[in-house]
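Since the structure comes first, as structure tokens, the remarks are kept for the end.
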Amino acid sequence: MPRINVPPLTRGLLVFVLIFTLLNAAFSYRHVPLLERHTVALPFLTIVPQASITSPWVFLTAALIEQNLFSLAISGTTIFFGGRYLERAWGGSEYAKFLLFVTVIPNLLTFVAYWIWFSITGNEGRLYVLS
């Protein structure tokens, strides 16, 4: 039987993507009220502009959640092959820095864009969009 050798950071990333995606699927029908008029599923794992101020870890965890099986398969395949290659080529610490850069910065920019959009339009619904 062939042995599949996956570096530790890539292996952990695959496990976290699977766990967070399963959590998202399990809790997607359970809503947590933020205010009287708005309910959001999983405000503690995904970016919700109104709730993300109090839970800054979502800027990292939101990148590890997939919404369906097809995107989970694509993401898992990309992480498996690409992560395995990059972690071996760059080393674990450089690969971790790269992952932080490509996950946190786009999520922060999305958060800021929704707040600016809310400030310009005054549409309160933009503060409760899952991204």
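The values are calculated or read from the model by the stated rules, or taken from the named source; none is laboratory data. Fair warning: this is a prediction, and the values are worked out from it, not measured in the lab. Here Cβ is always computed from backbone atoms with ideal geometry, including for glycine, and neighbour counts include all displayed protein chains.
For every residue, the table says whether it meets (1) more than 12 Å from the chain's Cα centre (by Cα); (2) of a type in the set (Phe, Trp, Tyr).
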position	(1), (2)
65	no, no
71	yes, no
84	yes, no
98	yes, yes
113	yes, no
117	yes, yes
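Taken as a whole, the range 113-129 holds at least one residue that is modelled with pLDDT under 85, assigned to a helix (DSSP H, G or I), over 19 Å from residue 7 (Cβ atoms) and touching an Asp or Glu at 6+ places or on another chain (Cβ under 9 Å).
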